[in-house]
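Following: one structure in structure tokens, then a few remarks.
Laboratory data are not the source of any read-out in this text; all were calculated from the coordinates shown. What you see is a predicted model; the values in this text were computed from it and never measured. Because the Cβ atoms are built from the backbone with ideal geometry, glycine has one as well, and the counts that use them run over all protein chains shown.
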Protein chains: 2
Amino acid sequence: MSPPTIDFWFDFASTYSYPAAMRVRPLADEAGVAVRFRPFLLGPIFKTQGWTTSPFNLFPAKGQNMWRDLERICSDEGLPFRQPSPFPQNSVLAARVALVGLKEGWGEQFCLDVFRTEFGQGRSIDDASVLADVLSHLSVAPEPTLAAAISDDNKLKLRAQTEQAQQLGVFGAPTLTTADGELFWGNDRLERALLWARQNS
Amino acid sequence: MSPPTIDFWFDFASTYSYPAAMRVRPLADEAGVAVRFRPFLLGPIFKTQGWTTSPFNLFPAKGQNMWRDLERICSDEGLPFRQPSPFPQNSVLAARVALVGLKEGWGEQFCLDVFRTEFGQGRSIDDASVLADVLSHLSVAPEPTLAAAISDDNKLKLRAQTEQAQQLGVFGAPTLTTADGELFWGNDRLERALLWARQNS
């Protein structure tokens, strides 16, 4: 029998996706659940509810609390934390590269490294040379990979993935969705989502 | 030495305040932290960010998830759950009565009973006769209590409490604030807030 599976939806621009990405694989392994990394873009989804930037920028009190909360979480988890500027980062290129990597077997490590680069070091992930650095450290050739990332095929793939997220009811990141249609939003729901997947598969 | 204290800010209209109110006292006792119930009104705070109703109504995908999430939480916690209609309920009278009760020693139990009435039974808490029922069950005389609740003094007290919440940076409910100025938002942060209060007092 194959293990229960769960989809882990995230946007590289999403702050709480950082600790969630770092936590989800060990937690899923422990729970005996197979997790699939699904990068997508929040921007088009936010646009449909009239938001042109992150709600953390639109609602400053909420944003201020989020940064402090994230700092506390990273401290609790032993993760480095540094706020990137500008926020949110443009995550489209990183997401496109991640899709290439997830097909080729190095995608998950690339995702973790991008999150660490962005929210651990505060570097700009919309800069192709920063992503090239990340790829080099993974011994992946940057030039052909970045070329594959911006191919029409791959662009369409990311667009389709974002549309699928929206159809599943995803409205924020990170989100976990289960095979039986349950949706769990937020870094705070990882454990509950994995338990659900284990009990209802 | 007096124990560390924490303020528990909530609005009776707030969905996640229901499980939080039910959980906070036992958790605080276990942590050796003194908790103070602080009812306030979210409405005036939401208005300053341009919202005229609950964000769960303004952003339907988020609202749909919240109801499902709350249902799961209540099930996990063994709490009855029934969605009140309309949502959000007008919570001003309940908050005013709670302030009277918190002064007189029956306030905390009243708060728990109001939450159970609203989100456990789906009854309307803006109805004075419903609140009178709750009071009667606590052996508190409804008529003089409801009269005290709508006295000018008590109305001003609730207004001042809401202003204090806003000055502390409270933007949602439930929220916990500590003596050293730390703020924790959400039912998901109760445990972390209490740990903070214990470690930083």
Answer yes if at least one residue in the range A:156-167 is surrounded by fewer than 20 Cβ atoms within 10 Å (Cβ to Cβ) and either among the β-branched types (Val, Ile, Thr) or in contact with an Asp or Glu (Cβ under 9 Å, 6 or more places away or on another chain) (or both), and no otherwise. no
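Filter the range A:27-57 down to residues that are of a type in the set (A, V, I, L, M) and in a loop (DSSP other than H, G, I, E, B), then give me how many there are. Please lay out each step first, then the result.
First, pick out the residues of the range A:27-57 that are of a type in the set (A, V, I, L, M): A:27-28, A:31, A:33-35, A:41-42, A:45.
If we keep only those that are in a loop (DSSP other than H, G, I, E, B) too, we end up with A:33, A:41-42.
The number of residues fulfilling the criteria is 3.
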Do we have B:Leu135 as touching a Pro at 6+ places or on another chain (Cβ under 6 Å) and either buried (at least 18 other Cβ atoms within 10 Å of the Cβ) or within 13 Å of another protein chain (Cβ to nearest Cβ) (or both) here? yes
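Please find, within the range B:75-86, the residue that is nearest to the other protein chains (Cβ to nearest Cβ) out of those that are under 25 Å from A:Asp188 (Cα atoms) and not small (Gly, Ala, Ser).
Quick first cut of the range B:75-86, residues under 25 Å from A:Asp188 (Cα atoms) only: B:75-83.
From the residues that got through so far, the ones that are not small (Gly, Ala, Ser) too are B:76-77, B:79-83.
Details: B:Asp76: 8, B:Glu77: 12, B:Leu79: 16, B:Pro80: 20, B:Phe81: 16, B:Arg82: 21, B:Gln83: 18 Å.
Among them, the one singled out is B:Asp76.
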Among (1) in contact (Cβ under 8 Å) with a residue 40 or more places away in the chain; (2) loosely packed, with under 15 Cβ neighbours inside 10 Å; (3) polar (S, T, N, Q), the one test that A:Ser129 misses: (1)
Please go through the range A:75-121 and give me each residue that is within 21 Å of A:Pro142 (Cα to Cα) and in a loop (DSSP other than H, G, I, E, B), ordered by number. A:Gln89, A:Asn90, A:Ser91, A:Gly105, A:Trp106, A:Gln121
Filter the range B:117-133 for residues that are over 16 Å from the mean Cα position of the chain (by Cα) and of a type in the set (A, V, I, L, M); the one that is farthest from B:Trp67 (Cα to Cα) is B:Ala132
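Counting only residues that are in a loop (DSSP other than H, G, I, E, B) and in contact with a helix residue (DSSP H, G or I) (Cβ under 6 Å, 6 or more places away or on another chain), which one in the range B:12-26 is surrounded by the fewest Cβ atoms within 10 Å (Cβ to Cβ)? If you could, list the steps in order and put the result at the bottom.
So in the range B:12-26, the residues in a loop (DSSP other than H, G, I, E, B) come out as B:12-16.
In the following step, the residues that additionally are in contact with a helix residue (DSSP H, G or I) (Cβ under 6 Å, 6 or more places away or on another chain) were identified as B:12, B:15-16.
Numbers: B:Phe12: 30, B:Thr15: 27, B:Tyr16: 20.
Across the range B:12-26, the extreme among qualifying residues is B:Tyr16.
Here is a check on your reading of the model: is A:Ser151 on the phi > 0 side of the Ramachandran plot and either away from chain B (no Cβ under 14 Å) or of a type in the set (Phe, Trp, Tyr) (or both)?
On the way: on the phi > 0 side of the Ramachandran plot: no; either away from chain B (no Cβ under 14 Å) or of a type in the set (Phe, Trp, Tyr) (or both): yes.
For A:Ser151, the condition - on the phi > 0 side of the Ramachandran plot and either away from chain B (no Cβ under 14 Å) or of a type in the set (Phe, Trp, Tyr) (or both) - is not met.
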Any chance you could count how many residues in the range A:16-73 are free of Cβ contacts under 8 Å to residues at least 24 places away in the same chain and hydroxyl-bearing (Ser, Thr, Tyr)? 1
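Can you find, within the range B:42-57, the residue that is nearest to B:Arg116 (Cα to Cα) among those that are among the β-branched types (Val, Ile, Thr) and away from chain A (no Cβ under 12 Å)?
Step one: list which residues in the range B:42-57 are among the β-branched types (Val, Ile, Thr), which gives B:45, B:48, B:52-53.
This time we only want the ones that are away from chain A (no Cβ under 12 Å), so: B:52-53.
Numbers: B:Thr52: 26, B:Thr53: 22 Å.
Checking each candidate, the answer is B:Thr53.
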Being under 18 Å from B:Arg159 (Cβ atoms), away from every other protein chain (no Cβ under 14 Å), touching a Phe, Trp or Tyr at 6+ places or on another chain (Cβ under 9 Å) and not hydroxyl-bearing (Ser, Thr, Tyr) is the requirement here; does B:Ala21 meet it? no
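In the list B:Asp11, B:Asp7, which residue meets the criterion of being away from chain A (no Cβ under 14 Å) and touching a Lys or Arg at 6+ places or on another chain (Cβ under 6 Å)? Give the steps one after another, and end with the answer.
On the way: B:Asp11 fails: touching a Lys or Arg at 6+ places or on another chain (Cβ under 6 Å).
The conditions single out B:Asp7.
Is the range B:58-74 home to any residue that is within 14 Å of chain A (Cβ to nearest Cβ) and not in a helix (DSSP H, G or I)?
Our first condition is that a residue be within 14 Å of chain A (Cβ to nearest Cβ); within the range B:58-74, this holds for B:58-74.
Okay, now just the ones that are also not in a helix (DSSP H, G or I), so B:59.
Checking the range B:58-74: at least one residue is within 14 Å of chain A (Cβ to nearest Cβ) and not in a helix (DSSP H, G or I).
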Of all residues being more than 12 Å from chain B (Cβ to nearest Cβ) and hydrophobic (A, V, I, L, M, F, W, C) in the range A:154-175, which is farthest from the chain's Cα centre (by Cα)? Just the residue, please. A:Leu156
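Give the residues of the range A:137-184 that are in a helix (DSSP H, G or I) and of a type in the set (Asp, Glu), sorted by residue number.
A:Glu143, A:Asp152, A:Asp153, A:Glu163
Does B:Arg198 qualify as being more than 20 Å from B:Leu70 (Cα to Cα) and within 13 Å of the chain's Cα centre (by Cα)?
no
When the residues of the range B:180-201 are narrowed to those that are basic (Lys, Arg) and at the interface with chain A (Cβ under 8 Å from one of its Cβ atoms), which ends up surrounded by the most Cβ atoms within 10 Å (Cβ to Cβ)?
The first filter runs over the range B:180-201 and keeps only residues basic (Lys, Arg), leaving B:189, B:192, B:198.
Next, only the ones that are at the interface with chain A (Cβ under 8 Å from one of its Cβ atoms) stay: B:189, B:192.
Numbers: B:Arg189: 20, B:Arg192: 17.
Per the criteria, the residue is B:Arg189.
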